[in-house]
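One structure is given here, and the rest of the page talks about it.
The values are calculated or read from the model by the stated rules, or taken from the named source; none is laboratory data. Because the structure is predicted, anything quoted here is derived from the model rather than measured. Quick reminder, even Gly has a Cβ in these numbers, built from the backbone with ideal geometry, and neighbours come from all protein chains shown. Ligands, DNA and RNA are excluded from the accessible area calculation, which covers all protein heavy atoms including side chains. Shrake-Rupley method; radii C 1.70, N 1.55, O 1.52, S 1.80 Å.
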Amino acid sequence: MLEPVVLMPEDLNSAIELASEIFDKDMGACFPIFLSEKNVSNLLGVKDGGRVVSLLGMQPAKISIYGYTLKVGLIGSVCTHPDYRGAGFASRMLEIMEAQSIKKGISVFVISGLRGLYRRFGAVEFGSYHTAKISPEGEKAKIKKANSKDVGKILSIHQKKFIRYLRNYDDFKAVFESGYIATRASETYLGEESYCTFANIDKELHVLEFGGKKDEVLRIIRTVTAEKNRNYCVLHFDDSFNYPADKTTTFEGTAKIISAENFFSQLEGFFKERLSNKEYEEFKNKASKLDNSELTKAVLGKGVDLGLEGIFPITLPDYGWDYI
């Protein structure tokens, strides 16, 4: 009987071949860190005769929330060859990965997908994220197309965000040099103190990550949109950008707090800056009565009311370059 196992370096090519076939993309090129020997210990698979026929990947990551570090596991490349579907491999691998990740101190799974598989696992939609169409009309910016020598500047701008993924320089450089963001070919443009990363989605120009000053970000978008002879560019942003939205949706995937203990340990300082000790203990007592899916809704979404207006929902950063 076939069972999930932790993959070994010699399984990596087979895993990439499976994912590339299922998602119809060169997944190795799109994810040079996620699908690599460096991260292979976080890849689970089912093998038949040495061939990987089912796959689930996790990449450990850290999110800075106003200076406090939340450990998350980014879940992606979940797939099974058509000849092996229906055996429950993906569900079993989610359970195994959850148990392994809790031991590693991970608090939350952020999952790229809205499948019923993830909902049965207890993952939920969360957050408010927005899009707006930016026309090329208006003040422009002096820009340059960024290359790998600009990674340090991009990261220094990214570091100024209050809520962001923490990025290792070498890993980010490898991801940047792949030329892909969210599996799409990308271009990044720099202004004096800001940057924007562009990609084409369904024949529309999109900004999937940006950093820096709001006014300059908008000028960069107008400039690139005009240079590419587009009528508009779609900007993706969260509430912190404070810009009129054409459309508001939840995060493009799902999430689940997999360990309330890890979650509260990592964000205790965040809560205690905003709550008295008494309020914090009352909050933890209420939260302890929730299962992990309800807790996820309460702190990341608009589900259970914990009576702490102004604190929840906690916004997690949109993927941007950290898409898995």
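As a test of the formula, what do you get for the chain when each DSSP H run with n ≥ 4 contributes -39,500 (n - 2.57) and the sum is divided by the residue count, at 222 nm and rounded to the nearest 500 deg cm²/dmol? Intermediate results must be reported in sequence, preceding the final value.
On the way: 10 runs with 103 residues, N = 324.
Calculated from helices alone, the mean residue ellipticity at 222 nm is -9500 deg cm²/dmol.
Can you list the equivalent-ellipsoid semi-axes of the range 7-111, largest first and in whole Å, using the square root of 5 times each Cα gyration tensor eigenvalue?
Those come to 25, 15, 12 Å.
Using 1/(1 + (r/R0)^6) with R0 = 25 angstrom and r between the beta carbons of residue 120 and residue 29, what's the FRET efficiency to the nearest 0.05?
Values: r = 32 Å, r/R0 = 1.26.
After rounding to 0.05, the efficiency reads 0.20.
Which value, in Å² and to the nearest 10, is the accessible area of residue 177 when all protein chains are kept and the probe is 1.4 Å?
About 100 Å², ignoring ligands and nucleic acids.
Using semi-axes √(5λ) of the Cα gyration tensor in Å as the read-out, say which of (i) 32, 28, 17; (ii) 42, 25, 18; (iii) 85, 16, 14 was calculated from these coordinates.
Computing semi-axes √(5λ) of the Cα gyration tensor in Å and matching it to (i) 32, 28, 17; (ii) 42, 25, 18; (iii) 85, 16, 14 gives (i).
Between 262, 217, 166, whose Cα lies farthest towards the positive end of the dipole of the range 155-274 when Lys and Arg beta carbons carry +1 and Asp and Glu beta carbons carry -1, centred on the Cα centre?
Farthest along the dipole direction, towards plus: 217.
Multiply the residue gap between residue 280 and residue 166 by 0.36 nm, knock off their C-alpha separation, and tell me the result in nm, one decimal place.
38.4 nm
Put 296, 249 in order of accessible area, largest first, 1.4 Å probe: what do you get?
249, 296
With every protein chain kept in place and ligands, DNA and RNA left out, what is the accessible area per residue of the chain? Probe 1.4 Å, answer in Å².
Dividing the accessible area of the chain by its residue count gives 47 Å².
So, in nm, how far is label residue 91 from label residue 249 when the simple model puts each one 7 Å beyond its Cα toward the Cβ?
Distance between the two pseudo-spin positions: 2.8 nm.
Using a simple spin-label model with points 7 Å from Cα along the Cα→Cβ vector, what separation in nm is obtained for residue 273 and residue 288?
Modelled inter-label distance: 2.6 nm.
Report the label-to-label distance for residue 100 and residue 229 in nanometres (one decimal), using points 7 Å from each Cα along the Cα→Cβ vector.
Distance between label points: 5.0 nm.
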